[in-house]
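In what follows, a single structure is set out as structure tokens and then discussed.
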Amino acid sequence: MELFALAFSAILVNNFVLSRFLGICPFLGVSKKIETAVGMGIAVAFIMTMASALTYIVNVYILEMLGLGFMYNIMFILIIASFVQVIELLLKKVSPVLYEALGVYLPLMATNCAILGVTVINRDMSFNFIRSVVHGFAGGVGFLLAIVVFAGIRERIEHNDILPHFQGFPIALLAASMMAIAFMGFSGWIL
């Protein structure tokens with residue numbers, strides 16, 4: 001039950017994009033089409049999960065044992081950048097269309113603050129290995145949910161009559177803020 005509460009919280013209540021405001025750049029940049037949003041969301045979920053697992057191991061069994069706990073940010077960034085490179089190579093080989101659609105946002109995942117944020121939160125909250133992985137996976141699922149829903153909204157907005165001053169990015173920011181308000185409705189369920 002405790003792991004379910006943690007997962008529910010990371011997906012809806014403390015969503016990295018809509019509640020913690022981490023990962024806004026890819027959220028806004030790759031959410032014009034549902035297909036690219038799904039690809040980015042899956043890639044982020046995979047990297048968040050794997051980074052949560054490996055950073056826990058590196059932090060507990062290497063950094064802390066050697067008294068180098070203060071080096072966690074540098075190590076976490078190196079681990080995340082390595083996963084991003086692997087994902088980039090796989091996408092380039094397996095799905096060149098998705099690789100091209102994600103464009104510059106794919107290599108920028110190496111510095112995606114949502115991915116780094118989940119690893120730092122896991123460390124700061126002293127989560128064990130299982131909780132870290134569940135939190136990382138659920139955070140990725142929350143990112144996937146938010147970016148896909150937002151992409152769907154943006155696709156529908158594109159065909160509406162909108163005042164010229166609100167067309168494009170301003171209406172997207174307005175829609176994102178409305179989504180954040182909607183996700184706040186879950187805040188009373190689980191901390």
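The values are calculated or read from the model by the stated rules, or taken from the named source; none is laboratory data. Owing to the predicted nature of the structure, the values given are computational and were not obtained by experimental measurement. Counting neighbours? That spans all protein chains shown, and the Cβs are built from the backbone with ideal geometry, glycine included. We work out accessible area using only protein heavy atoms, side chains counted, and drop any ligands, DNA or RNA first. Shrake-Rupley method; radii C 1.70, N 1.55, O 1.52, S 1.80 Å.
Couple of notes before you dig in:
- Filtered residues of the stretch 102-160 (kept if small (Gly, Ala, Ser) and more than 16 Å from LEU6 (Cβ to Cβ)): GLY103, ALA110, ALA114, ALA146, ALA151, GLY152
- For the stretch 140-158, the count of residues that are over 19 Å from LEU28 (Cβ atoms) and open to solvent by less than 70 Å² (accessible area, probe 1.4 Å) is nonzero.
- Check on LEU102, free of Cβ contacts under 8 Å to residues at least 12 places away in the same chain, surrounded by 13 or more Cβ atoms within 10 Å (Cβ to Cβ) and hydrophobic (A, V, I, L, M, F, W, C): no
- Odd one out for PRO164 among (1) in contact (Cβ under 8 Å) with a residue 12 or more places away in the chain; (2) open to solvent by 10 Å² or more (accessible area, probe 1.4 Å); (3) over 14 Å from the mean Cα position of the chain (by Cα): (1)
- Matching residues in the stretch 114-139 - criterion: being hydrophobic (A, V, I, L, M, F, W, C) and open to solvent by 60 Å² or more (accessible area, probe 1.4 Å): MET125, PHE129, ILE130, PHE137
- The stretch 15-36 residues that are closer than 27 Å to VAL97 by Cβ, paired with ones that are of a type in the set (Ser, Thr, Tyr) and crowded, with 16+ Cβ neighbours inside 10 Å (beta carbon under 8 Å, 6 or more apart): CYS25/TYR105; PRO26/TYR105; GLY29/TYR105; VAL30/THR36; VAL30/TYR105
- Lone qualifier among LEU145, LEU116 - being farther than 18 Å from VAL13 by Cα, of a type in the set (A, V, I, L, M, F, W, C) and part of a helix (DSSP H, G or I): LEU116
- Filter result (touching an Asp or Glu at 6+ places or on another chain (Cβ under 9 Å), open to solvent by less than 70 Å² (accessible area, probe 1.4 Å) and at pLDDT 85 or above) within the stretch 85-99: none
- Hits in the stretch 63-84 (condition: touching a residue at least 12 places away in the same chain (Cβ under 8 Å) and surrounded by fewer than 13 Cβ atoms within 10 Å (Cβ to Cβ)): ASN73
- Odd one out for THR55 among (1) under 19 Å from the mean Cα position of the chain (by Cα); (2) open to solvent by 30 Å² or more (accessible area, probe 1.4 Å); (3) modelled with pLDDT of 95 or more: (2)
- Residue in the stretch 170-189 that is in a loop (DSSP other than H, G, I, E, B), surrounded by fewer than 20 Cβ atoms within 10 Å (Cβ to Cβ) and on the phi > 0 side of the Ramachandran plot present: no
- Of all the criteria given as (1) surrounded by fewer than 18 Cβ atoms within 10 Å (Cβ to Cβ); (2) within 19 Å of ASN122 (Cα to Cα); (3) aliphatic (A, V, I, L, M); (4) modelled with pLDDT of 90 or more, the one not satisfied by MET1 is (4).
- Scan the stretch 119-142 for residues that are in a loop (DSSP other than H, G, I, E, B) and either of a type in the set (Asp, Glu) or in contact with a Lys or Arg (Cβ under 6 Å, 6 or more places away or on another chain) (or both) and the total you get is 0.
- Residue selected from the stretch 167-183 under the condition free of Cβ contacts under 8 Å to residues at least 40 places away in the same chain and touching a Lys or Arg at 6+ places or on another chain (Cβ under 9 Å), by the criterion farthest from MET40 (Cα to Cα): ILE171
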